[in-house]
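Q: Sharing a structure with you now.
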Amino acid sequence: MSLNRTSPPDSRTTKSGEEVHDDETFSCTETESYDETDLLVSFDPVSQKRQSLQSAKGPPKRRLTTLKLLIVAVFTIILSDVIILRFGALEGRSMFRPRGETTKRRSYKEQLMEHWIDLEAHALATKSSTPRAKSFVNFIAREVEVENAQQVVITMHASANHNKLSHLITNLRKWNGPGSIALYIQSAEDVELIGDWLANHTIASFLRESNVHIFMEKIVDYSPYPEPTMQWTYPYNSLRNLGLENIGADYFLLLDVDLIVPPDSFAKSRELFENHPDMLRAMSHNRHLFVLPAFEVCPGGVSAAPEIEASESDLPESKKDLVRMVGEKTAWVIYSDEHVLNQGASNAEKWYTFTESTDYPIEWQEQYEPYVIGYLSAVPRFWTEFRGYGYDKESWYRELHRAGFTMSVLRDFYVVHLCHFRTPITVDWKDWPNTKKFVQFDPFLISKYGLCRDWCRINEEQWKVKCGWDSCAQCTECVTNETCPANCKDSDPIPWEERCAWHNCVGKCPQCLDLFRI
């Protein structure tokens with residue numbers, strides 16, 4: 001193979017008839033012959049010098065045209081990549097595109113519908129008595145990463161409902177920081193709605209800082225539920241776990257989607273914890289939770305069935321504004337009109353005027369369901385046996401109390417619920433599926449934590465309905481001298497106070513049962 005020099009930069013005609021205009025061109029061939037003219041030129045000093053100058057400088061107009069074309073080409077490539085990346089992100093480029101596929105981009109709706117069809121077919125084929133479910137973690141991953149693991153990530157869940165999805169976006173706008181969102185799909189119609197919602201360019205802009213997860217479920221058998229409605233089948237706790245476990249950071253704000261935070265709450269939380277690192281340590285090392293007191297606003301005042309539903313314009317602009325609205329009775333502690341214990345432990349009366357420090361401690365109470373900031377690795381997960389209405393969140397706080405968590409209320413933070421028509425509950429509470437499951441929950445905690453707690457006092461049901469013991473022995477009201485093992489306090493080298501969860505020895509705690517084999 002030899003290197004052949006072609007003709008000078010004048011135009012020439014190829015064998016195929018094409019007219020070629022170029023500078024000096026080199027090509028690799030398999031012959032070893034030289035053109036006679038090239039040899040003459042190469043040994044002529046004058047011609048060689050003239051040719052070298054032309055080669056170095058090139059035709060001026062052609063150099064300028066080539067430079068312009070190069071700039072245009074580079075700009076076009078960059079612009080094309082930006083457009084492809086932007087519309088690809090909005091129209092369905094996700095982790096579920098098959099490996100190796102580079103040209104075909106399926107929309108979110110197409111991806112979700114494919115998975116839904118498979119899930120539904122499998123559930124119908126097996127005629128499963130339990131719901132068939134499939135989860136997609138980070139179906140859409142956040143575009144803006146969390147700066148550091150000590151920042152708080154808001155976590156929420158929502159069904160395929162326009163109002164719920166609207167509240168979700170309102171919260172993300174006001175939070176203005178990282179989020180972890182779990183969306184629920186239980187039908188092909190839900191796929192249509194969620195798919196279109198995710199593909200909306202405006203919605204996508206508000207989701208840039210959030211991980212979006214999908215929980216897809218097909219229910220074939222509705223016999224375990226009082227009614228085949230979302231009120232009784234919605235998997236609150238499975239969705240909460242999905243959002244919590246995939247926040248991509250260490251600290252979370254657990255919120256229901258229709259509880260709205262004040263503007264720029266993320267920036268304020270970051271400033272708070274940067275200035276008070278001891279608060280982060282309290283959560284990560286001392287099993288502590290920080291509570292955001294919860295309120296409700298309604299233009300017409302307290303009403304279970306308001307004539308006018310509240311809108312975003314009814315939200316308070318600040319704590320001072322909220323306190324004023326409470327005085328005018330257009331805002332109040334949420335559920336205080338029908339269920340005082342739900343938020344009672346937050347002690348709102350103290351919060352209205354509290355200024356001494358960043359927070360004040362509170363004691364846990366039965367049926368307390370606050371909204372909290374916590375440390376992910378420390379908290380237990382929600383019990384997924386609960387579905388639909390009742391005990392789903394209360395059970396989690398009961399377990400936190402059993403696990404030794406403490407709480408305090410933040411001075412400058414709060415959440416507000418926009419009033420709306422409340423769905424009436426027509427089923428007697430004794431017939432709620434979760435009521436029966438809640439009976440099993442305390443024995444579950446006993447087996448998990450090895451602690452005895454007196455909970456018989458909170459209602460009038462007979463202990464046999466509520467208690468996991470074979471005989472009634474653990475409740476303080478039931479204790480007699482005969483229920484304690486003989487010489488319990490004196491027969492073990494470890495003092496009973498260090499073995500027992502009770503302030504007074506009641507006997508028959510799991511440790512004692514094992515020790516004395518009773």
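The values are calculated or read from the model by the stated rules, or taken from the named source; none is laboratory data. In this text the structure is predicted, and so the values were computed from the model without any measurement. Glycine also receives a Cβ, built like all others from the backbone with ideal geometry; neighbour counts cover every protein chain displayed. Quick note on the areas: whole protein, heavy atoms, side chains included, nothing else; ligands and nucleic acids left out. Shrake-Rupley method; radii C 1.70, N 1.55, O 1.52, S 1.80 Å.
Q: Based only on Cα atoms, what Rg/Rh ratio does region 191-252 have, Rh being taken as Kirkwood's radius?
A: The Rg/Rh ratio comes out at 1.05.
Q: What is the calculated FRET efficiency for D428 to K134, with r their C-beta to C-beta distance and R₀ = 25 Å, to the nearest 0.05?
A: E(calc), rounded to 0.05, equals 0.15.
Q: Could you give me the ³J(HN,Hα) list for region 222-227, computed from phi with Karplus coefficients 6.51, -1.76, 1.60 and θ = phi - 60°, whole Hz, x at Gly and Pro?
A: Those phi angles translate into 9, 4, x, 10, x, 9 Hz.
Q: Return the sequence-ordered ³J(HN,Hα) values of region 211-218 in whole Hz as given by the Karplus equation 6.51 cos²θ - 1.76 cosθ + 1.60 applied to θ = phi - 60°, using x for Gly and Pro.
A: 7, 10, 10, 10, 10, 10, 8, 10
Q: Over 31 Å between Cα atoms, which of K109/K436; K329/K393; K174/K329; K350/K430; K218/K268 qualify?
A: Distance filter (> 31 Å) returns K109/K436; K350/K430; K218/K268.
Q: Which FRET efficiency value, to the nearest 0.05, do you get for K436 and T65 by plugging their Cβ-Cβ distance into 1/(1 + (r/R0)^6) with R0 = 60 Å?
A: With R0 = 60 Å, the Cβ-Cβ based efficiency is 0.15.
Q: Right, another one. Would you kindly find the accessible area of Y414, with a 1.4 Å probe and non-protein molecules such as ligands, DNA and RNA excluded, rounding to the nearest 10 Å²?
A: 10 Å²
Q: How large is the charge dipole for region 298-412, taken about the Cα centre, if only the Cβ atoms of Lys, Arg (+1) and Asp, Glu (-1) carry charge, to the nearest 20 debye?
A: I would put it at about 380 debye.
Q: Would you mind pulling out the separation of the Cα centroids of region 378-439 and region 321-364, in Å?
A: 19 Å
Q: Rg(Cα) of region 356-448 divided by 2.2 N^0.38 Å?
A: Region 356-448 yields a ratio of 1.27.
Q: Moving to a separate point now. Rounded to the nearest whole Å², what accessible area per residue is found for region 108-443 with the 1.4 Å probe?
A: Each residue of region 108-443 exposes 42 Å² on average to a 1.4 Å probe.
Q: For L289, list long-range residues whose amide hydrogen, built 1.01 Å from N in the peptide plane, is under 5 Å from its own amide hydrogen.
A: T406, M407, S408
Q: Moving to a separate point now. In square nanometres and to one decimal, what's the mean projected area of the convex hull around the Cα atoms of region 108-443?
A: 16.9 nm²
Q: What FRET efficiency comes out for the pair E145/E227, r = Cβ-Cβ distance, R0 = 51 Å, nearest 0.05?
A: 0.75
Q: What is the set of long-range amide H partners of H417 at a cut-off below 5 Å, with H atoms built 1.01 Å from backbone N?
A: Residues meeting the amide H criterion: I260, F295, E296, V297.
Q: Moving on. Over the heavy atoms of W383, what accessible area does a 1.4 Å probe trace out, to the nearest 10 Å²?
A: 50 Å²
Q: Sorted by accessible area (1.4 Å probe), largest first, how do V220, V427 line up?
A: Result, largest first: V220, V427.
Q: Under 5 Å between amide H atoms, partner at least 5 residues away or on a different chain: which partners does A160 have, H built in plane at 1.01 Å?
A: Y184
Q: Still on this structure: Can you put E399, E307 in order of accessible area, largest first, using a 1.4 Å probe?
A: So the residues, ranked largest to smallest area, are E307, E399.
Q: Run the numbers for V220 and N200: contour at 0.36 nm per residue of separation, minus the present Cα-Cα distance, in nm.
A: Fully extending the segment from V220 to N200 adds 4.1 nm.
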